[in-house]
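Note sheet for the following structure.
Here, each number is a calculation from the coordinates, and none is a lab measurement. Note that the structure is a prediction, hence the values are computed from the model and not measured. All Cβ positions, glycine included, derive from the backbone under ideal geometry; neighbour counts span all protein chains shown.
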Amino acid sequence: MKKNGLYSKEEKIFQDKNKLYRAHSVKQIAYSTDPRDFGQVAKSIPCQEACPAKTNIPGYIRCINEKRYGRAYELNRGANIMPGVLGRICSRPCETACRHGAPDNGVSVGICHLKRACADLKSPMHRIIEGLYAPTGKSVAVVGSGPAGLAAAHDLAILGHRAVVFETMEKPGGMLMYGIPEFRLPRDLLMTEINNILRLGVELKTSQAVGTHITLETLTEEFDAVVVAAGCTKPRLLGVEGEDLENVYNGLDFMKAVNASNRGQTPIINETNRQSNRGLSPIKNVAVIGGGFTAVDCARSAIRLGAEEVALYIRKTMDDMRIDETEKHEARFEGIGVESLVQPARILGENGRVSGIAFVRTRIEKTGTPPFKKSVPIAGSEFVVPCDSVIAALGQAPDVHDVSDVLTGLDKDTPATGMKGVFAAGDFVTGSTDVISAIAGGRRTALAVDLYLTAMERKKTVVRLESHATTDRPRSYDFIDRVPMNTIAMDQRLADHTNEVETGFDPDQALEESQRCYLCNLKYEIDPLRCIYCSACIDVAPKDCIKMVETIPVNADGTYGRYAETGQWDKVVSITIDNEACIRCGQCYAVCPMDCISVTKTELIQMDMDE
Amino acid sequence: MPNSDHYVIIGNGPAGNAAAFTLRENDPDAAITIISHENICFYSKPRLVKYLAGKVDEDALAVKTMDEYRRRHIRLRLGQTVERIDPDSQSLHLAHMETVHYTDLVIASGARERLLPSMKPYADCLTFVTEFNDTTGLRKKIADSTRFFIFGGDLVAFKFLKMLTDMGKQVTLLLYPKAFWPHRLTKDMQDAIVKNLAPTNADILADDDLDTIVPEDRGGYWVTTKHGVRTQADLVFSFNGLIPDVDFARGCGLEIDHGILVDETMRTSLDNIFACGSCAQIYNPDINTYTTSIGWPNAQAQGKVAGLNLLGEHHKVRPAGRKYFDLEGVKIKTVWWEDLEKDEEA
């Protein structure tokens, strides 16, 4: 806004009003455990509901808008523990759900970019805030230091338990350290946020493989409980002829090799470039099989290793790719092709090395109950693509036997396992998901362990309701375009495979993007006792969000159901704001002659049970 | 009993019109509506370049007149944009907040400009010529301007370049080997094209790429390439092929890859919805690949099949055969593009 000055006058008036309201308003705060309020929060704040960690997204975006970056960072950390990491690599389910991205509303808010902004822009003097419980004298072993293990250890330490993390690799972080390339996630930033967890007293034992150096049974004897968060490490295979040829890599091993090299070094991918003293590009023409984040990371890494032709080959459609639009754009920008609706038939080789790969075309078929999509090969559609390397990035599965032969009873719906005192978390129990889901899973498991160790539920979730005297945003903010992320040029990307591609927002960009958030945590209500049914609010509403209703049904779970609308005045019992359709433009609030529209800030918060 | 069927066609190009007129021929009573975001009746896109050059007027673009729709009781809703399809309620949500119900839907929304990822930051500086709506005010701008920069190298780019040089304009073309999408020009093809364009007196840049486009305060742009060529231009155009115009259909349950996936009967993955023309993606067994941009005659054939099958018949569209296409003296084998204008002239 400041840049082009388009809305500066309106903005100024709005901000002055805002200050005035604040000065004269008296806050009324209530805490609710009413299912209707939980239901309202879930439906009205789609971004938060979509976030597996239930991050207070409108809350932290509002803080960024007020340039309170440290507070925004802490609001994030309270839910997702590693905001700087997630601000860079989260799969962004919140943005898919964002109301600003709904049909007719434009483009979703850059929620993740704003998460990164608060991590980048907070003061160097920023202090992290942790509410520590008294020590319990109990100890918990956590197997794995990936996102789920770190999240579990973090919460267990806060709850007063001694947490000891056992990590197979030399460094902590799991997939964050070894699976994600440094050009997306700088390692100094990763280590800072891991150290924030370790500073709570979490002990880290690296190069300690449970199942090899120490057994799960020993851990159960030495600790009061064990959390297994060993992730997914067993690669899914292509299952085609030629998979054993040289220069056929699995995605995770390829990324491990790339991530093992430091700044200024060419990663050693195979013997060819090892023997050539690292100078030779190890791959030239690369076929990457898969359509997820790892596949794209492999493809983008291959470009940085000097590959001239890199293409992704996916079995289903472009729309089925499990990556966000930003990643798709960056892959295209770097010259990576995508061939959809194909599946590998066999890998061709000459002298033991890859010379090409044969694919068949596929079509999409729906089958089963409920229907699910599968790709079906089209008969007689085989074709050959010449290449010198194949990377199979089809994801990984958990390897239970790698950890223990006696561990049973894994159930993705519950943290407990078949072994007493042994719990599971993250991808190890759910199968391959994403970082934010793993963190949420780790936190859920920590609470289950705490209940097991203390026989007490120590926390409860409530809805905090706070009267709010202003809408916090003028209508003009609805028309701001999404602020694109700053990135480095292609030559800089190729100069070193560790150069971070995205460079973050400056404060002005963060402010501008924060203004786009509808602030769906503000609940708008019409007081039916004061409403004179003048319809002025309906007349100015830009959306079909103010409804004449005859009943508001209540669902079996105690939440509100969908409004039963009516066009007949004799049946209207209330004019109601549908907070699922409302874009919080504030037009109705401004025009109401009876001042009968109220705004309430709603937040999901954690409270101690004895508060 | 009155016929309550309402067939809605999204798109007013060759596929949509073929579907609409086929439906009318075979169902005289049903309500038929064509919805198009364009503000002009069915027109010839290949003639747009001549229109921009001032050689033909708007009337000469027309393929069908409003009267033809009136006589066949086909309702034509122009300048209206479909934003969303709701297959459950069989309705379309339009940008002006109207909801239109359908009993059967034919999507023939065509294609739109392809913006290269490297040009995304400069999208506001670029001018595209893919449909009539793009040409509003452009004729005068072209007449008033002297210096032009063209990115790309698809079919329209070369026609456009020749039009400008014929008008005595100063033109720079940055030739992209991937512009003739989905084909990639080989080095030999690229060299041949550069040679064949020499008589136009345009500056042809090859083996280079865009670095920056900087708008000037007084209008116009400075275009700089990676190799340091710096050129001033009044207008900057991008011609890098087309992509299916299907964003409005995403999220409604239709299977979409590059385009809306259809089988050989033009049925989509959802009941009561057909797709045809450049927005549809269909497997062509003769050349063992999926195709989207399928050219005018193929679009018409697909529209006809969609219309017939919507009425309960079971026709299959015949796979489009390969043809050689002449791109500035270079023969390229495609199944879709044809130089209709050249055919017309012949």
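Couple of notes before you dig in:
- Inverse of mean 1/r across different Cα pairs in chain B, Kirkwood, Å: 21.2 Å
- Amide N of the range A:567-611 lying under 20 Å from the label point, which is placed 7 angstrom from the Cα of A:A455 along Cα→Cβ: A:609-610
- Relative contact order of chain A, pairs being alpha-carbon contacts under 8 Å that are 6 or more residues apart, as %: 18 percent
- Convex hull projection area averaged over all views, the range B:1-124, Cα basis, nm²: 10.2 nm²
- Top of B:C276, B:C41, B:C252 by mean-square fluctuation, Gaussian network on chain B, Cα under 10 Å: B:C252
- Neighbour-count order for A:H100, A:H126, B:H227, fewest beta carbons within 10 angstrom listed first: B:H227, A:H126, A:H100
- The range B:115-240: antiparallel DSSP beta bridges as a percent of all, rounded to 5: 35 percent
- By the equivalent-ellipsoid construction on the alpha carbon gyration tensor, the range A:492-611 comes out with semi-axes of 40, 21, 15 Å, ordered largest to smallest.
- Tail weight of P(r) past 20 Å, computed on alpha-carbon pairs of the range A:64-216, percent: 55 percent
- Net charge over other residues, Cβ less than 10 angstrom from the Cβ of A:K284 (K, R count +1; D, E count -1): -3
- For the pair B:N133 and B:D217, the difference between a 0.36 nm per residue extended length and the Cα-Cα distance amounts to 27.6 nm.
- Rg ratio (alpha-carbon, reference 2.2 N^0.38 Å) - the range B:201-280: 1.75
- In a fully extended conformation the segment linking A:R263 and A:E565 would gain 102.5 nm over its present Cα-Cα distance, using 0.36 nm per residue.
- Cα gyration tensor shape of the range A:310-413, rounded if a/c is under 1.5, else prolate or oblate by comparing a/b with b/c: prolate
- Between B:A198, B:A206, B:A108, the Gaussian network model of chain B with springs among Cα atoms under 10 angstrom shows the greatest mean-square fluctuation at B:A198.
- Length released on extending from A:E221 to A:E170, taking residue separation times 0.36 nm less the Cα-Cα span: 15.9 nm
- Charge dipole magnitude, Cβ of K and R +1, D and E -1 - chain B, Cα centre, debye nearest 20: 640 debye
- With N counted as the residues of the range A:237-393, its alpha-carbon radius of gyration over 2.2 N^0.38 Å works out to 1.06.
- Long pairs among A:K54/A:K205; A:K43/A:K420; B:K120/B:K226; A:K54/A:K601; A:K43/B:K120; A:K412/A:K459, criterion Cα-Cα beyond 26 Å: A:K54/A:K205; A:K43/A:K420; A:K43/B:K120
- Assigned charges on the beta-carbon of Lys, Arg, Asp, Glu; the range A:410-462 dipole about Cα centre (debye): 240 debye
- Selection from A:G431, B:I260, A:P172, by position along the positive dipole direction of the protein assembly as shown (Cβ): A:P172
- Neighbour counting of Cβ atoms within 10 Å sorts the residues B:W296, B:W222, A:W569, fewest neighbours leading, into A:W569, B:W222, B:W296.
- Volume in Å³ per residue [convex hull over Cα atoms, computed for the range A:178-325]: 179 Å³
- Percentage relative contact order, chain B, counting C-alpha pairs under 8 Å, at least six apart: 19 percent
- The range B:115-240 shape via C-alpha gyration tensor axes, a/c threshold 1.5: rounded
- C-alpha long axis of helix A:35-44 to longest principal axis of chain A, angle in °: 70 degrees
- Average partner coverage of B:251-260, which counts Cβ from other chains inside 10 Å: 4
- Semi-axis lengths, Å, the range B:88-169, gyration tensor of Cα atoms, sqrt of 5 times eigenvalues: 35, 15, 13
- Antiparallel %, DSSP beta bridges [both residues in the protein assembly as shown], to 5: 55 percent
- Modelled FRET efficiency - R0 25 Å, A:N105 with B:D271, Cβ distances, 0.05 increments: 0.35
- Dimensionless Rg/Rh of the range A:295-347 - Kirkwood Rh, Rg from C-alpha atoms: 0.96
- Chain A: angle of helix A:187-198 to the longest principal axis, Cα-based, in degrees nearest 10: 70 degrees
- At R0 = 60 Å, FRET efficiency that the Cβ-Cβ distance of B:T103 and A:N351 yields, to 0.05: 0.45
- Within the range A:237-393, percent of DSSP bridges classed antiparallel, to nearest 5: 50 percent
- The protein assembly as shown, dipole about Cα centre (Lys/Arg Cβ +1, Asp/Glu Cβ -1), debye to the nearest 20: 1280 debye
- Degrees between helix B:155-166 axis and first principal axis of chain B (Cα, 0 to 90, nearest 10): 50 degrees
- 10 Å-binned pair-distance histogram of chain A (Cα, whole percent): 3, 15, 23, 24, 20, 11, 4, 1, 0
- Calculated [θ] (222 nm, deg cm²/dmol) that DSSP helices of n ≥ 4 give over chain A, each run adding -39,500 (n - 2.57): -9000 deg cm²/dmol
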